[in-house]
1. Of all strands (runs of 3 or more DSSP E) completely enclosed by the range 77-124, which ones contain at least 1 residues that are touching a residue at least 24 places away in the same chain (Cβ under 8 Å) and touching a helix residue (DSSP H, G or I) at 6+ places or on another chain (Cβ under 7 Å)?
2. Check whether at least one residue in the range 280-297 is more than 24 Å from the chain's Cα centre (by Cα), outside the structural domain of residue 338 (by TED's automatic domain parsing) and surrounded by 16 or more Cβ atoms within 10 Å (Cβ to Cβ), and report yes or no.
3. Read through the list (1) farther than 22 Å from residue 288 by Cα; (2) surrounded by 17 or more Cβ atoms within 10 Å (Cβ to Cβ); (3) modelled with pLDDT of 95 or more; (4) under 23 Å from the mean Cα position of the chain (by Cα), then give the number of the only condition that residue 78 fails.
4. Against the condition closer than 24 Å to residue 413 by Cβ and either modelled with pLDDT of 95 or more or in contact with a strand residue (DSSP E or B) (Cβ under 6 Å, 6 or more places away or on another chain) (or both), how does residue 33 come out, does it pass?
5. Are any residues in the range 52-66 in contact with a helix residue (DSSP H, G or I) (Cβ under 8 Å, 6 or more places away or on another chain) and more than 14 Å from residue 150 (Cβ to Cβ), and if so, which ones?
6. Can you tell me which condition residue 312 does not meet? The list is (1) in contact (Cβ under 8 Å) with a residue 12 or more places away in the chain; (2) within 23 Å of the chain's Cα centre (by Cα), and all the others hold.
7. Tally up the residues in the range 163-210 that are outside any helix (DSSP H, G or I) and at pLDDT 95 or above, please.
8. Identify, from the list 224, 267, 253, the residue that is closer than 19 Å to residue 136 by Cα and in contact (Cβ under 8 Å) with a residue 60 or more places away in the chain.
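The values are calculated or read from the model by the stated rules, or taken from the named source; none is laboratory data. Everything numeric in this text was worked out from a predicted model, so none of it was measured. Using ideal geometry, Cβ is built from the backbone for each residue, glycine included, and neighbour counts are taken over all protein chains shown.
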């Protein structure tokens, strides 16, 4: 009997063994979310247990609690207290990947998001890229009147405010000192009112004992609004209350006063007045991100993408736009406000809609649940519109304080901010009075 060689044995065994075929798992739907603000983050969290792979793209590595950004700008709290790394928020969510990239465009035909370094395919695209400052055709004014949308904006504004006091301390020129101690806030919405109230309290309470050559309490804060009342999104009664409260703090309010010029010497108003100031701050309007241009679709006057009742972009399969980037009508036919609660609701809605569609179902059109509107003015001063209930003064301020603490991301942030607020309430002190490195302007 002939013996087989080892090679023949191996070949025989291979022939007797069934061939193995590599079976790849089915590709999961790809959900790409542009922007990790309130809307984008809530959309990602809402898809936590969904059978999808999520890619969150943001040009920054942190989620920012914008409603308290004015307190960073006025030295009340530090940036880290109102921001949280996106990766930390989504660390336990295994189906989510975070990319710090700048979006340059969207190829809707190929279903690809284009960034500076990669092409990201999507089955569902959620655009939540927020809004930026609007200077109504006068973009050159931004150099002299910065807006407040990012931590960088806030630290720049803080540096401008504190530097004005420092320069006033060392100058011997009375006219220059007066200009340095005059602060102009353009825009009478919530951000403008909050900024103006915080600056006057900083000057008259927090730093009043810190200087030797100037009296910071003589600082002049001017709040300029083109409309005939402050806080136009609130009922007229609360607008009047806000005006009364902020004037009681010491802020000068100029209504019906559109800005016609803005330079490094201050602002000129439509009625011919000129206010000399070395520190002008802009809170007069916003413009949506470039999403409408990326998608090549219709936008409203503020640049927001016009969406249907399901927050879907007509003619762009699988594309949804939410938050400040979307032009959405409420059940009363009025635009849904660009507020954090609205963005959160939209994010959760789109997440639920995608899950429903993956299961072969659908969802009712988006309905914004309006739980009210809050604006703080200063210490123990605020207004609250809760529909049938309208509050102003100390009770409204308490409600505003607890609501904002509740919505802060992270237990540690809530605790630290609460302790800082408690200390400031008891002592009027502001511990974040740092002038960090800034761009020369």
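1. Values: elements: 83-85, 96-100, 103-107, 112-115, 119-121.
Answer list for the range 77-124: 83-85, 96-100, 103-107.
2. The answer is no, given that none of the residues of the range 280-297 is more than 24 Å from the chain's Cα centre (by Cα), outside the structural domain of residue 338 (by TED's automatic domain parsing) and surrounded by 16 or more Cβ atoms within 10 Å (Cβ to Cβ).
3. Looking at each condition in turn, residue 78 falls short on (3).
4. yes
5. 52, 54, 56
6. Failing condition for residue 312: (1).
7. Looking only at that region, the number is 12.
8. 267
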